[in-house]
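The values are calculated or read from the model by the stated rules, or taken from the named source; none is laboratory data. Quick caveat, the model's predicted, so the values are computed rather than measured. Using ideal geometry, Cβ is built from the backbone for each residue, glycine included, and neighbour counts are taken over all protein chains shown. Surface accessibility is based on the protein's heavy atoms, side chains included, excluding ligands, DNA and RNA. Shrake-Rupley method; radii C 1.70, N 1.55, O 1.52, S 1.80 Å.
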Amino acid sequence: MSAVTGLTLFHVIVSLIAIVAGIALAHGLLTGKRHDRWTFLFMLTTAVTVLTGFLFPYNGFTPGIGVGILCVLIFVPTALARYRFGMSGVWRPFFIAGALALFYFNCLVFVVQSFQKIPTLNALAPTGGEPIVAVVQSIVLIAFIVIGFFSIRRFRPTALGL
């Protein structure tokens with residue numbers, strides 16, 4: 001197995017773990033419950049996903065590199081909001097928005113990669129620019145906006161004494 005193939009496999013596995021942990025994190029935000037272990041796993045695997053994304057061969061600026069840079073810029077204050085400031089005050093909505101944005105980007109990349117790599121989906125959108133890809137991406141975005149709205153309203157760890 002080549003180094004790039006091994007890196008790709010590791011990157012994909014960690015990304016999928018981040019998505020599963022993100023589901024648990026979002027559930028906690030929606031139900032007003034902290035899932036500290038899932039949150040930590042999500043933050044760790046998201047960081048590893050972003051960092052390993054920068055290890056692939058560089059062939060010029062791509063949308064993936066742009067998403068990676070954006071995720072780094074979101075990750076740092078989100079981690080500070082959670083682990084340094086304990087989600088108190090303004091840091092609560094900052095953490096919610098940041099964590100959900102990171103989760104959204106994980107899912108967005110998953111959608112794009114699924115249309116590129118899964119033969120059945122690739123047959124529906126061989127170039128990735130077909131309307132079905134935009135429709136799925138729009139559904140994902142709308143879902144995250146709704147999750148974010150309800151999470152801001154429901155997740156109040158300091159009010160719960162957590």
May I ask you to give the solvent-accessible area per residue for the stretch 120-161, in square angstrom, as obtained with a 1.4 angstrom probe? 66 Å²
Nearest 10 degrees, 0 to 90: what angle lies between the long axis of helix 36-53 and the longest principal axis of the chain (Cα atoms)? 30 degrees
Principal axis dimensions, the stretch 2-118 - Cα atoms, whole angstrom, descending: 45, 25, 22
For the chain, which whole percent of the accessible surface, found with a 1.4 angstrom probe, sits on carbon and sulfur atoms? 74 percent
Nearest 500 deg cm²/dmol is fine: what mean residue ellipticity at 222 nm does the chain get from its DSSP H runs of n ≥ 4 alone, each adding -39,500 (n - 2.57), divided by its residue count? -25500 deg cm²/dmol
In the chain, with Lys and Arg counted as +1 and Asp and Glu as -1 at Cβ, which of these residues, T46, P77, Q113, has the Cα nearest the positive end of the dipole, that is, farthest along it? P77
At most 13 other Cβ atoms within 10 Å plus a DSSP loop assignment makes a site exposed; report the longest stretch of the chain without any exposed chymotrypsin sites (Phe, Trp or Tyr not before Pro). 62-162
The stretch 72-120: projected area of the alpha-carbon convex hull, averaged over directions, in nm²: 3.7 nm²
